[in-house]
Amino acid sequence: PGVSVPLIPDETVDASFGQTTGRLAFEFEPNDATLYYASFTQGFKSGGFNFRYVVPRDEALAFDPETVDSYEAGFKWQGAENRLRLNANVFFMDYQDIQVQVFEVGGGPLTQNAGTAEIRGAEFELAAVPTPQLNLTDALGYTDAEYTDLNPPTTDLAASLTLDARLPNTPEWTASTSAEYSVPIPWGSLAFRVDYSHIDDLYNDAQNSPFLFQDAYDLWNAAIRYMSPTGAWEASLFGTN
């Protein structure tokens, strides 16, 4: 019989990680309908060790903590007797030692510290109630994400990561809209709802493999909901895409 050979040395490894983070926020309300805000937030994700290997390694591969400084500013406004609501914000995130998952030959995933990255963008939300029966919502998001500096690769895997690579699971554009219309009936009420969302194309891995590329796609959902006269129970018929 063959002899089982461990892919990493049979030894004990340990590490500890810790960091104090904080958040600072300001809010200003010039009137009852408007709120302006700004915030600065620090984030921390612990480091650790990789546990899955498909080729031998001299030691267990560790990865360092990931940190981020996040800045956000925006406003919230509501008017027309609370029948119209508008929210908008801009954000900027500065990542240090951002953790990404790369794949070694044979398909084994390994977590590595890629380097520094910046993510900036804006979000917009609008909600309207033109009539008591009709509710409308719209949302639009834009994200610009990029690596600004790469660490020297700790394995041959990370060498395939370049400054031109797109961050994984980060679509540039997202959008959604919905409409719901309620109709009173003698034995309760009916609500008809339609939802639409758009997700821009994205990569599902840090190395931007064409096999893990997701084209932009659109989703449509629809539902009919019945509500009892007292609101004690309801039933829905829906279809999701």
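The values are calculated or read from the model by the stated rules, or taken from the named source; none is laboratory data. Since this is a predicted model, take the numbers as computed values, not measurements. Methodologically, a virtual Cβ is constructed for each residue, glycine included, from the backbone with ideal geometry; neighbour enumeration extends over all protein chains shown. We work out accessible area using only protein heavy atoms, side chains counted, and drop any ligands, DNA or RNA first. Shrake-Rupley method; radii C 1.70, N 1.55, O 1.52, S 1.80 Å.
Shown here for the range 3-106: GluC sites (Glu not before Pro) in loop regions (DSSP other than H, G, I, E, B) with at most 13 other Cβ atoms within 10 Å, namely Glu11, Glu59, Glu81. Averaging the sequence gap over all C-alpha pairs within less than 8 Å and six or more residues apart, then dividing by the number of residues, gives the range 162-213 a relative contact order of 44 percent.
Between Tyr196 and Ser178, the modelled label-to-label distance comes to 1.6 nm, taking each label 7 Å out from Cα in the direction of the beta carbon. Determine, from the Cβ-Cβ distance of Ala80 and Thr148 and an R0 of 45 Å, the FRET efficiency 1/(1 + (r/R0)^6), rounded to the nearest 0.05. With R0 = 45 Å, the Cβ-Cβ based efficiency is 0.55. Once divided by 2.2 N^0.38 Å, the Cα radius of gyration of the chain becomes 1.39. Figure note: Trp233, Trp173 ranked by solvent-accessible area, largest first, 1.4 Å probe, ligands and nucleic acids not counted: Trp233, Trp173. Comparing Pro109, Pro30, Pro186 in a Gaussian network model of the chain (Cα springs below 10 Å), the most mobile by mean-square fluctuation is Pro186. The label point for Phe211 and the one for Tyr71, both projected 7 Å from the Cα toward the Cβ, are 4.1 nm apart. Rolling a 1.4 Å probe across all protein chains gives Lys45 an accessible area of roughly 100 Å². Overall, the accessible surface of the range 193-241 at a probe of 1.4 angstrom is composed of carbon and sulfur to the extent of 59 percent.
Inter-label distance, Leu134 to Ala25: 3.4 nm, where each label sits 7 Å from its Cα along the C-beta direction. The order of Leu61, Leu84 by accessible area, most exposed first and with a 1.4 Å probe, is Leu84, Leu61. With a 1.4 Å probe rolled over the protein heavy atoms of all chains, the accessible area of Leu7, Leu35 falls in the order Leu7, Leu35, largest first. As an equivalent ellipsoid, the range 30-169 spans semi-axes of 43, 16, 13 angstrom, where each value is the square root of five times an eigenvalue of the C-alpha gyration tensor, largest first.
Estimated at the nearest 10 Å², the accessible area of Thr174 is 50 Å² with a 1.4 Å probe.
Here Gln96 and Arg57 are evaluated by their C-beta separation; at R0 = 25 Å the FRET efficiency comes out at 0.45.
Over the chain, accessible surface divided per residue gives 63 Å², non-protein components excluded, 1.4 Å probe. For Ile199, the accessible area of its heavy atoms, probed at 1.4 Å with every protein chain present, is near 40 square angstrom. Expressed as a whole percent, the accessible area of the range 45-133 that falls on carbon and sulfur atoms is 54 (1.4 Å probe).
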